[in-house]
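Structure first, then comments.
Read-outs: derived from the displayed coordinates by stated rules, not from any lab. Just so it is clear, the model here is predicted, and its values are computed rather than measured. Neighbour counts are summed over all protein chains in view; Cβ atoms, including those assigned to glycine, are modelled from backbone coordinates with ideal geometry.
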Amino acid sequence: MTLVILRSFFFATLSGLAYYLARVYLHTEMYMDDVDGISAFLGVFGTLYGILAAFVVFEVWTQYNKISELIDREAQALEQLFRLSLYFRDANFTERMKTGIREYVNKVVEGNFRALSRGQRNVESGLALRKISHIIRDVDFNDDHDSIVFEQVVEHYGMLAELRTERTNQSRNRLPELLKTFIYLSTAFALAAFLFMPFSSEYYGLASVVIIAFLQAMIFQIIEDLDNPFSGHWQLTPAPFARALKHIEEDYD
């Protein structure tokens, strides 16, 4: 978080220097007669830019929260799947289920969502999940009680697989490049307009440019970090999976 603030301050400082150079060499204060027209332009453009920026930030924040929720739900589904296996009268099946879940979680934790950060799937964890399906498929039972439990296990595994698929698909979604380019260009235009704004007070103009540049730099970094939730300062981790495995191994002995 400190690095984000420092980067924003650095960008704001450069913008303040650009404003000072524009005022010294281009004499922007001489264009005071045009200040009403420039102010009207900034009013309209600033409103449109504010709506666009708010929409993009809201979109990436919503996506980030949705992926975080899917990670938690998938981890909980693993623990629930193991709890269902406890109702089976075959202790060997329960132990094999624990082994399969442990292997799947270890693959997810080892991968640390690095593949998803590149827009790819984690092949190893996918194979580990498939092994769990083989454990369920190969189970043998011969009474009504286990038959009922088996149906629940199969249904719950299907839900787990769907959660993983949805999490993977959502995690690979990114903002369209055209939209990102559009908001970055709009930000540059907005900052440039303030750099050439003929403020009557040099210090007031400098303060305005520095504050706006700082906020814009923060918005840039928030969008970039939240658009790829597996890198940057607000990155998601497989910690919920590790906690679920810990509960399985410690609470059900």
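Key figures for this structure:
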{"item": "Proximal aspartates and glutamates to Lys66, defined as alpha-carbon separation beneath 20 angstrom and excluding residues fewer than eight positions away on the same chain", "result": "Glu74, Glu162, Glu166, Glu224, Asp225, Asp227"}
{"item": "Separation between Cα centres of region 201-253 and region 162-177, rounded to whole Å", "result": "18"}
{"item": "Dipole magnitude of the chain, debye to nearest 20 (Cβ charges: Lys/Arg +1, Asp/Glu -1, about Cα centre)", "result": "640"}
{"item": "Normalised contact order of the chain, rounded percent, pairs of Cα under 8 Å and 6 or more residues apart", "result": "41"}
{"item": "The chain - convex hull of the alpha-carbon atoms, volume per residue in Å³", "result": "131"}
{"item": "Leading residue at positive end of dipole, the chain (Cβ point charges), from Met159, Thr94, Gln170", "result": "Gln170"}
{"item": "Hydrodynamic radius by Kirkwood, which averages 1/r over all alpha carbon pairs of region 181-232, in angstrom", "result": "12.3"}
{"item": "Semi-axes of the equivalent ellipsoid for region 136-253, Cα gyration tensor, largest first, Å", "result": "56, 17, 8"}
{"item": "Proportion of all alpha-carbon pairs of region 71-126 beyond 20 Å (%)", "result": "34"}
{"item": "Taking Glu162, Glu79 and counting other C-beta atoms within 10 Å, the order from fewest to most", "result": "Glu162, Glu79"}
{"item": "Value at 222 nm in deg cm²/dmol, rounded to 500, when DSSP H runs of n ≥ 4 in the chain each add -39,500 (n - 2.57)", "result": "-28000 deg cm²/dmol"}
{"item": "Quotient of C-alpha Rg and 2.2 N^0.38 Å, computed over region 101-141", "result": "1.36"}
